[in-house]
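Enquirer: Please find one structure pasted underneath; my questions will follow.
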Amino acid sequence: MASAAEAISLGAIPNWLQEERALLFILPPDKLLALYGCCNVFLSLHRSEGFGRGMAEALQLGVDVITMAYGGNTDFCTGPLAHPVR
């Protein structure tokens with residue numbers, strides 16, 4: 001599994017964005033999956049996410065998912081890794 005440093009090159013992020021807490025850029029699929037693999041949890045608190053591809057990918061990689069018990073993700077956010085919030 002790639003480390004966080006391998007998943008994202010900070011040199012590719014503008015200086016003003018390096019201080020932000022959110023990722024606001026597009027990663028190639030392999031680097032995005034590597035980033036998921038570096039995480040302890042995938043947090044997605046929303047009111048209407050639609051299908052929730054990010055949550056599905058995180059679950060497939062064995063990452064715990066904390067999400068709202070609302071929307072399309074309720075179809076697949078089940079089992080020991082899914083933690084729905086009501």
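Each reported figure results from applying straightforward, stated rules to the coordinates on display, with no laboratory input. Note that this is a predicted model, so its numbers are computed, not measured.
Enquirer: Once amide H atoms are built 1.01 Å from N in the peptide plane, which residues 5 or more positions from Asp64, or in another chain, come under 5 Å H to H?
Expert: The answer is Phe42.
Enquirer: Output wanted: per-residue J couplings in Hz (rounded whole) for segment 70-81, from phi through Karplus 6.51 cos²θ - 1.76 cosθ + 1.60, θ = phi - 60°, x for Gly and Pro.
Expert: Listing the rounded values in order: 7, x, x, 5, 5, 5, 10, 7, 10, x, x, 8 Hz.
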